[in-house]
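Shown next, in structure tokens, is the structure this report addresses.
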Amino acid sequence: MTAIEERRTRPRTFPAGFVWGTATAAYQIEGAVDTDGRGPSIWDTFCRVPGAVARGESGEFACDHYHRWQEDVGLMKDLGAGAYRFSVAWPRVLPDGRGPVNRRGLDFYRRLVDALREGGIEPYITLYHWDLPQALEDHGGWRVRDTAERFADYAEVMYEALGESVSNWITLNEPYCSSIVGYGEGRHAPGATEGEGALAAAHHLLLGHGLAVARLRQMARPGQQIGVTLNMSPTVPVTSSPQDVQAARRMDLLVNRQFTEPLFGGAYAADMAETFGRISGFSFRRDGDLEIVGRPVDFLGVNYYYRLHVEAAPYEEADPVRRSAFDLGVRTVTPERARTSGLGWVVEPEGLYETLVGLTSRYPDLPPVYITENGYGDDGALEDTGRIDYLRDHLTATREAMTAGADVRGYFCWSLLDNFEWARGYSARFGLVHVDYDTQARTPKASFRWMRDFIADPVVTTPVTTRPATTGPVDILVAGTPRDERWGPGPLSQAAEEST
Ligand code: FCB
């Protein structure tokens, strides 16, 4: 073995203090939608729309975590995880989204937090993981500014209740999904297909985040952290033609930069008007909003699953009924010979590397990063070797990115349990633990044991054993700049290792 090869396969450990955890979300696991005074959320409503969710499924029972939380905390202890990211169901605490607090709903989270802390597991609370109280949707939902104010009030209620015991607060999960997918594409609740409405929702989500940050900041004690979680997908044009490259940039704006620029770059993305001008005049923006949105946070949560391979497509004819409000003249494709998950999602760990390194280089003031979700979906096999390979390769990519300068502080696997996977229902399973939905029996999968051993001794050997899928000749980072050949045995990978 040559010296360089030896360096490349040198085992590397994660630093002491690196946070290991699993992640879930309220509507996906809790069930008990009518219990103890919980109000309806937009997902309860959406699931009743014929055809909205596969097989007409819903989160009505889900993993019954509301009653089985002690067993689930026990699983986390068996895993050896030091942290747990979960979300609070806003309508459990404020059944109408505002007004009187439902103590019984709050008490559920109190009990959970106490049990976690007794078990040595640090809670990371997400305040909004998509389950908006239906009462607020009836008043316009995220299309209207008032919802951002209500969100800040709710954040304050939660901190008053749990601020003594919870030190890590995440305002939003993936505002891209709750705005564009929910209000623009109609694939998620509330199922709207609006242009202006979806862009307004994205803005008001960011505004709600900023307002909540200010409230939490006023109350927070030293050492407590406030952050926000975004889903990041680097976009890759399938050819180097200007049309495909431009299409990839539009997609990058829609998914990534629409959110990262105002949060961390101090400005709305420069190409917003050019890209969305035919959809919206942005009249929902007000003076001073940008300052609120861009208030400093203590960390960024990154959810990473895949890159997006993009080609230019003809803009569709306007059709007021069926036309997607977000027709940006783009189409995503699965590259030939791509490695894919059990759900057909393209598996490209280098996309996680690009995301982490790209964000670090684009935003000088980027706060430390936690990977708040990363995981593999399949049909639920107990011997889930695909998931083990996925986790190993993405942990390797994470460690490589840290070597290259990304400040990553923790990793949360999605998910602790198989659960209600939104519009896909229960057939898509992401858990380290299998759930039998008839009996609610929990059975740890092979990946659970692998993850337990990894947390106990977190060592990776670079580079990844499986070469990722071949991609187009020109790659674009999340930052929108040409991609370097950093992954694998490329020259920059060597340089990074030599500087370690
Ligand atoms: C993310 C969501 C999470 C889960 C995973 C698979 O987009 O945040 O709730 O559904 O995808």
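The values are calculated or read from the model by the stated rules, or taken from the named source; none is laboratory data. Note that this is a predicted model, so its numbers are computed, not measured. Here the Cβ positions follow ideal geometry from the backbone for every residue, glycine too, while neighbour counts run over all protein chains shown. Heavy atoms of the whole protein, side chains included, go into the accessibility calculation; ligands, DNA and RNA do not. Shrake-Rupley method; radii C 1.70, N 1.55, O 1.52, S 1.80 Å.
In segment 269-284, of all residues being buried (at least 19 other Cβ atoms within 10 Å of the Cβ) and farther than 22 Å from residue 332 by Cβ, the one that is modelled with the highest pLDDT corresponds to 284.
One line per residue, one yes/no per condition, for (1) surrounded by 24 or more Cβ atoms within 10 Å (Cβ to Cβ); (2) more than 16 Å from the ligand (Cβ to nearest atom):
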site: 114; (1), (2): no, yes
site: 124; (1), (2): yes, no
site: 138; (1), (2): no, yes
site: 146; (1), (2): no, yes
site: 155; (1), (2): yes, yes
site: 164; (1), (2): no, yes
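Quick check, is residue 399 among the basic types (Lys, Arg), within 16 Å of the ligand (Cβ to nearest atom) and either surrounded by 24 or more Cβ atoms within 10 Å (Cβ to Cβ) or over 16 Å from residue 305 (Cβ atoms) (or both)? For residue 399, the condition - among the basic types (Lys, Arg), within 16 Å of the ligand (Cβ to nearest atom) and either surrounded by 24 or more Cβ atoms within 10 Å (Cβ to Cβ) or over 16 Å from residue 305 (Cβ atoms) (or both) - is not met. So is residue 379 within 16 Å of the ligand (Cβ to nearest atom) and open to solvent by less than 30 Å² (accessible area, probe 1.4 Å) or not? The answer is no for residue 379. Filtered by the rule that a residue be of a type in the set (Phe, Trp, Tyr) and closer than 20 Å to residue 224 by Cβ, segment 284-305 gives a lone residue, 299.
Only one entry of 187, 150, 98 meets the criterion of being of a type in the set (Lys, Arg), buried (at least 23 other Cβ atoms within 10 Å of the Cβ) and either touching a helix residue (DSSP H, G or I) at 6+ places or on another chain (Cβ under 7 Å) or not in a helix (DSSP H, G or I) (or both), and that entry is 150.
In segment 341-376, how many residues are assigned to a loop (DSSP other than H, G, I, E, B), out of contact with any His (no Cβ under 8 Å at 6 or more places or on another chain) and within 14 Å of the ligand (Cβ to nearest atom)? Steps first, please.
Within segment 341-376, the subset assigned to a loop (DSSP other than H, G, I, E, B) is 341-345, 347-348, 363-368, 374-376.
Remaining after also requiring out of contact with any His (no Cβ under 8 Å at 6 or more places or on another chain): 341-345, 347-348, 363-368, 375-376.
The next check asks that each one be within 14 Å of the ligand (Cβ to nearest atom); those that pass are 341-345, 347, 375-376.
Qualifying residue count, segment 341-376: 8.
Pairs linking a residue in segment 20-32 that is under 12 Å from residue 124 (Cβ atoms) and of a type in the set (Gly, Ala, Ser) to a residue that is away from the ligand (no atom under 13 Å from the Cβ) and outside any loop (DSSP other than H, G, I, E, B), with Cβ atoms under 6 Å and 6 or more positions apart or on different chains, are 21/83; 21/84.
Report yes if residue 199 is within 16 Å of the ligand (Cβ to nearest atom) and in contact with a Ser or Thr (Cβ under 6 Å, 6 or more places away or on another chain), otherwise no. Judged against the criteria, residue 199 is not a match. Does at least one position in segment 134-145 carry a residue that is within 19 Å of the chain's Cα centre (by Cα) and among the hydrophobic types (A, V, I, L, M, F, W, C)? Checked against the condition, which is being within 19 Å of the chain's Cα centre (by Cα) and among the hydrophobic types (A, V, I, L, M, F, W, C), segment 134-145 yields at least one hit. Among the residues making up segment 218-232, a single one is among the small types (Gly, Ala, Ser) and open to solvent by less than 10 Å² (accessible area, probe 1.4 Å): 227.
Scan segment 213-253 for residues that are out of contact with any strand residue (DSSP E or B) (no Cβ under 8 Å at 6 or more places or on another chain) and either closer than 28 Å to residue 85 by Cβ or within 16 Å of the ligand (Cβ to nearest atom) (or both) and the total you get is 8.
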